[in-house]
Amino acid sequence: MKFQGRSTRKRTGGRRRNFRKKKKHELGDQPTETRLGESRIKTVDARGNTEKVRAITADTASVATDGDVVSAEIEDVEENPSNPNYVRRNIVTKGAIIQTSEGRARVTSRPGQDGQINAVLVE
């Protein structure tokens, strides 16, 4: 989420003026909407000499099933509580319910931040 800056109003209700523009590390970035398709990732420079790996498209998910983890093919996005339009556009975010070769699973990772899709089976 983008840093919004401090409030433009004082406690008294008066207006507070900007004393500078946003710095580079305060700027936001467009969300990476991970879609279904042949696996493609992108690395992005992050703050503090680190890199983030963004999944642009993905076709497999690591699904946790009864103590072991299985790599499963993603077939479809069934539900997405963050945005109902993401279901139609097959966009995977954290909390999305996906249909895999192992069954229905809920995404627990953040593909746009981690570059991978981890999920837990939903009974």
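Here, each number is a calculation from the coordinates, and none is a lab measurement. Keep in mind it's a predicted model, so treat the numbers as computed, not measured. Every residue, glycine as well, gets a Cβ built from its backbone with ideal geometry; the counts of neighbours run over all protein chains shown.
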Inter-part gap, Cα centre of region 84-108 to Cα centre of region 1-61, in whole angstrom, is 23
Note on region 18-74: C-alpha Rg/Rh, Kirkwood Rh, two decimals, gives 1.18
So for R0 = 22 Å, FRET eff. of Thr43-Lys21 from the Cβ-Cβ r, to 0.05, ends up at 0.20
Correct semi-axes for the chain, from √(5λ) of the alpha-carbon gyration tensor and rounded to whole Å with the largest first, are 36, 17, 13
CD proxy, 222 nm, the chain: helix-only mean residue ellipticity via -39,500 (n - 2.57) per DSSP H run with n ≥ 4, per residue, nearest 500, stands at -1000 deg cm²/dmol
